[in-house]
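Data block below; observations after.
The values are calculated or read from the model by the stated rules, or taken from the named source; none is laboratory data. It should be emphasised that the depicted structure is a prediction, and the values quoted were computed from it without experimental measurement. In this analysis, Cβ positions are derived from the backbone assuming ideal geometry, glycine residues included, and neighbour counts consider all displayed protein chains. Just the protein is used for accessible areas: all its heavy atoms, side chains included, with ligands, DNA and RNA removed. Shrake-Rupley method; radii C 1.70, N 1.55, O 1.52, S 1.80 Å.
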Amino acid sequence: MKELRPNDSEKEFLNLAYNRFYDVFEEIMDDSFFEKDSKLRFSRIKDGFAVYAELLNYKPIKWVIEHIEKSRPPMESVIGSKLFRFIRNVIAHFPFYDTWDELYITKSLINWQREGQFIDKFLSDFQGKTEVKYRFWEPDKSRMTYLSINFPQKYDNSKIYMKDILTEKEGVKFSFILMKQILDTQVESISPRNE
């Protein structure tokens, strides 16, 4: 007999995770968010990437990423899975920074304990890759925003700043829009939470 998804424990986790992600999404998409203190912004951004990375472990979302890989433009599945997991892992494993703009890594810092972990593999695989250009439309603001995702040209002991890979405002907004599109594939309906 085929297991139905989601089961009860998955429902509990998914409800909490989706509610948190959507709360952070709404906050980040408000233009006033980027006028707030940079430490507060970084805290919310960390939360959103952390929740999304955990949701990537849910098998039906893995299927969505596999579908994106086959049916969407090149690199979209990499960005929607590996890049966002890379960002989450950098933030989680190097909790030394207070703001997006000061967040950096080096090869020696990444491999201080051992080589070959996810961050090391990601940077080894994607160093020197061509920038990926995107745009996103915000219908409530009637605004199109253009951005580039830039992979480091070299992966060595030079500082690799997160802001050079993905800008805080445009890059983070784009990231959350793509994450939400992927997560929304698993939503049948949204109802108000009981506060």
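In terms of packing, defined here as the mean over residues of other Cβ atoms within 10 angstrom, the peptides 128-140, 49-61, 167-179 line up highest first as 167-179, 49-61, 128-140.
Rounded to whole numbers, the Karplus 3J(HN,Hα) couplings from phi for the stretch 96-110 are 9, 10, 9, 9, 4, 5, 8, 5, 9, 9, 9, 4, 5, 5, 4 Hz, using 6.51 cos²θ - 1.76 cosθ + 1.60 with θ = phi - 60°, and x at Gly and Pro. Stick to Cα atoms and the Kirkwood definition of Rh, then tell me Rg/Rh for the stretch 8-185. Value, to two decimals: 0.95. Given contacts defined as C-alpha pairs under 8 Å and at least six residues apart, what's the relative contact order of the chain, whole-number percent? That works out to 21 percent. To put it simply, the accessible area of the chain at a 1.4 Å probe is 48 percent carbon and sulfur.
Of the residues Gly128, Leu55, Ile68, the one whose Cα sits farthest towards the positive end of the charge dipole of the stretch 8-185 is Gly128 (charges of +1 on Lys and Arg Cβ, -1 on Asp and Glu Cβ, taken about the Cα centre). Applying a threshold of 19 Å to the alpha-carbon distances of Lys62/Lys180; Lys133/Lys163; Lys62/Lys163; Lys36/Lys82; Lys59/Lys82 flags Lys62/Lys163; Lys36/Lys82 as lying beyond it.
Based on the convex hull around the alpha carbon atoms, the stretch 103-195 presents an average projected area of 9.2 nm².
Only DSSP H runs of four or more residues enter the estimate; each adds -39500 (n - 2.57), and after division by the residues of the chain the mean residue ellipticity at 222 nm equals -15500 deg cm²/dmol.
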